[in-house]
Amino acid sequence: MNVLAIDLGTSSTVAVLSAFGRGPRVIEVDGSVTMSSAVFAGEDGTLVVGQDAERRARLDPARFEPNPKRRIDDATLLLGDTVVEVTDALAAVLRRVAEEAHRQLAGQPLDHVRLSHPARWGATRQQLLRQAAVKAGLGPSPVLIPEPVAAAAHYASLGRTLPPGSTLAVYDLGAGTFDCAVVGVTERGFTVLADNGLPDLGSLDIDQALLEHVGRQVSHTDPAQWQRMLRPQSLADRRIRRALLQDVREAKETLSRHAHTEVPMPEPFDDVLVTRAELEALVRPNLLRSAEMLAATIRDAGRTPQQLTGVYLVGGPSRMPLVAALLAEQLGVLPTTQDQPETAVAFGLHHVPAAPPPTPPAIPAIDGRTVPAMAPATPPVAWQPPPPKPKGVRKPLLIGAGVGVLVAALVITLLAVTRGGSGDPAAAGTTGNAALPSTQQVSAGCSTGGEPDSDGFTSCLRRLAGAVPDVGTCERGGAGVPIQQAGAENVVTCTLPSDSTTSGRSVVYYEGMSFDALKPGIQSQLGTSDSALEGRWSGDGLSGDYLAGTTTGMGIMLFGTDDAEICGLLVWIDFGTDGPTPQDMVDYFEQSLKPGA
């Protein structure tokens, strides 16, 4: 069966095709897994989309619409002197994807077409989307599925358990809007219990904030030229502005992986160095609004964050480390993401069967209170656990930047639990333990305090780390979280080499926080798991306790010393198998991490 799934986004569109009996794969358009949703109207009325539309926009921006989905409520668009129906603009984007799908099918027909839409879209908007799909040649009856339902199906396809009665929160940060929802699972399928959103928050707004920040650094050099870049008056001005916007966008994406980068600037301006801390300061208020809205939506669904099966991040901008950190701080639970969050909805559409059953009954709340299921934009769709993957086929990965995001979120979560929810950075590291003096004696002559070396280690903390700095990549800070926010006198994060393409490991070393101080935070993440392991370790004259267990999608192990407030936190993620067990982590610690190993 040949199935085409399309996630039509505000700024970009993702399509996934399943054909010839093979699993779903992304359709690349213009050499990318995401295709620009932009539309350009030629003088002859021809509509051009994607990169071709953006290139033509340099010549005549009045004929260009970068975000036609945002105009869904407008009957028509005026592009230059051409009047274009909104459905025709959307159809042009869908048609470009369909053309590439038909090319790959080599003459075979499409059996099913599935389109995603925001959960808050009503019948009128859904009908406009259907009309656009029909105009694009996608058949008379494409199946429309709410975006959070598709995201939940994708979450389940990664091997997570979503039994009937469970709930999942979906945080969807796109290009033009932010949407969030709580999705419930019944015997018959998924249903949206509560949803909300912000129309003024997305990657476009983040880009604009960074552009304004750059302007404040350089505009004094030539204010008139800067204004011409903001409001182009000539072809040269438009080309300069387009190049600058692209460089700003790429700088934002780079800061999700690195602590700083430079934005190339046209003459007469000097290049501008920007840091992740600066970008996070710019966008923190708006991202905090989104985290608070998700918390309110969870309450609207009659749940608490701890009652959820998980919090799933989708949409390209959600890979910013600050997003996961704020959610962990706001909710007290770790969110989950994947390596390419912008493709999650499109892949998830393939795991939602096309035929909707009757409306499912209300879902009993965990606290015994019945919460009526909110009527989603389309009827709830049936869901079944995905079939076992063929041997040799990898699951979507949570590696690379995704490991760093989860480690940063875990640092924030542990800090919140350690503080007792005070939210005061000044209180970090003082719950149950006073701050260390400049020097504290530890077994076998190790003493805390002192100046850190180039990797961030003091002599005592390096002794706990053993050989890890020699084989891993270490940097000062809690996976991007500033030391003063991580709740310790000194924090070093080491990324470890992986022996698998589906796994990632990191260790966070703390100086100024003890095993006992961090243990409640670890226990809060492990929940009531009976498989957690506790024990003793010793090596290189040091000794202490450890606690190892598993939570959604990852393994966590905390180890500390008896005589000083120094400890380490191992985070291990592996979606190529069933994931690490507590015993796997203990064995890995004994063989590779323990001092003297």
Looking across the range 327-344 at residues that are under 12 Å from the mean Cα position of the chain (by Cα) and aliphatic (A, V, I, L, M), the single one that is nearest to residue 119 (Cα to Cα) is 344
Within the range 107-130, of all residues that are of a type outside the set (Gly, Ala, Ser) and in a loop (DSSP other than H, G, I, E, B), the one surrounded by the most Cβ atoms within 10 Å (Cβ to Cβ) is 118
ask   = Can we say residue 188 is outside the structural domain of residue 43 (by TED's automatic domain parsing), surrounded by fewer than 24 Cβ atoms within 10 Å (Cβ to Cβ) and not in a strand (DSSP E or B)?
value = yes
Inside the range 538-553, the number of residues satisfying the requirement of being modelled with pLDDT under 85 and assigned to a strand (DSSP E or B) is 2
The number of residues in the range 229-257 that are within 18 Å of residue 61 (Cβ to Cβ) and of a type in the set (S, T, N, Q) is 3
Taking first residues from the range 36-62 that are among the charged types (D, E, K, R) and second residues anywhere that are in a strand (DSSP E or B), the pairs with Cβ under 7 Å that are 6 or more apart or on different chains are 54/36; 56/40; 56/48
Scanning the range 285-305 for residues that are buried (at least 20 other Cβ atoms within 10 Å of the Cβ) and outside any helix (DSSP H, G or I) gives 301, 302, 303
Filtering the range 306-351 down to residues that are among the polar types (S, T, N, Q) and part of a strand (DSSP E or B) yields 336
Qualifying residue in the range 166-181 (condition: under 24 Å from residue 96 (Cβ atoms) and among the polar types (S, T, N, Q)): yes
If we ask which residues in the range 87-107 are in contact with a strand residue (DSSP E or B) (Cβ under 6 Å, 6 or more places away or on another chain) and over 15 Å from residue 18 (Cα atoms), their number turns out to be 4
Conditions (1) closer than 23 Å to residue 200 by Cα; (2) small (Gly, Ala, Ser); (3) surrounded by 24 or more Cβ atoms within 10 Å (Cβ to Cβ) -> residue 152 fails only (1)
When residue 179 is run through (1) surrounded by fewer than 17 Cβ atoms within 10 Å (Cβ to Cβ); (2) in a strand (DSSP E or B); (3) in contact with a Pro (Cβ under 6 Å, 6 or more places away or on another chain); (4) not polar (S, T, N, Q), the failure sits at (1)
Cβ pairs under 7 Å, 6+ apart or interchain, first in the range 64-83 and without any contact (Cβ under 8 Å) to a residue 60 or more places away in the chain and closer than 16 Å to residue 200 by Cα, second buried (at least 16 other Cβ atoms within 10 Å of the Cβ) and of a type in the set (S, T, N, Q), ordered by first then second residue, are 68/37
When you check residue 133 against the structure, is it modelled with pLDDT of 90 or more, crowded, with 19+ Cβ neighbours inside 10 Å and in contact with a His (Cβ under 9 Å, 6 or more places away or on another chain), yes or no? no
Margin query: Please determine whether any residue of the range 559-567 is modelled with pLDDT of 90 or more, outside any helix (DSSP H, G or I) and hydroxyl-bearing (Ser, Thr, Tyr).
Written below: yes
Within the range 29-49, the residues that are closer than 19 Å to residue 10 by Cβ and part of a loop (DSSP other than H, G, I, E, B) are 30, 33, 34, 37, 38
Out of (1) without any contact (Cβ under 8 Å) to a residue 40 or more places away in the chain; (2) of a type in the set (A, V, I, L, M); (3) within 18 Å of residue 312 (Cβ to Cβ), the one residue 152 does not meet is (1)
Please verify whether residue 17 is part of a strand (DSSP E or B), assigned by TED's automatic domain parsing to the domain that holds residue 136 and of a type outside the set (Gly, Ala, Ser), treating the condition exactly as stated. yes
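Residue by residue, here is whether (1) under 30 Å from residue 165 (Cβ atoms); (2) touching a Phe, Trp or Tyr at 6+ places or on another chain (Cβ under 7 Å); (3) without any contact (Cβ under 8 Å) to a residue 40 or more places away in the chain; (4) of a type in the set (S, T, N, Q) holds:
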| residue | (1), (2), (3), (4) |
| --- | --- |
| 233 | no, no, yes, yes |
| 239 | no, no, no, no |
| 247 | no, no, yes, no |
| 280 | no, no, no, no |
| 284 | no, no, no, no |
| 296 | yes, no, no, no |
| 317 | no, no, no, no |
| 321 | no, no, no, no |
Note on the range 97-133: residues farther than 26 Å from residue 178 by Cα and touching a residue at least 40 places away in the same chain (Cβ under 8 Å) are 98, 100, 101, 104, 105, 108, 109, 110, 111, 112
Given (1) modelled with pLDDT of 85 or more; (2) more than 19 Å from residue 347 (Cβ to Cβ); (3) touching a helix residue (DSSP H, G or I) at 6+ places or on another chain (Cβ under 8 Å), residue 242 misses just (1)
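The values are calculated or read from the model by the stated rules, or taken from the named source; none is laboratory data. Remember, it's a predicted structure, so these values are computed and weren't measured experimentally. Cβ: placed from backbone, ideal geometry, glycine included. Neighbour counts: every protein chain shown.
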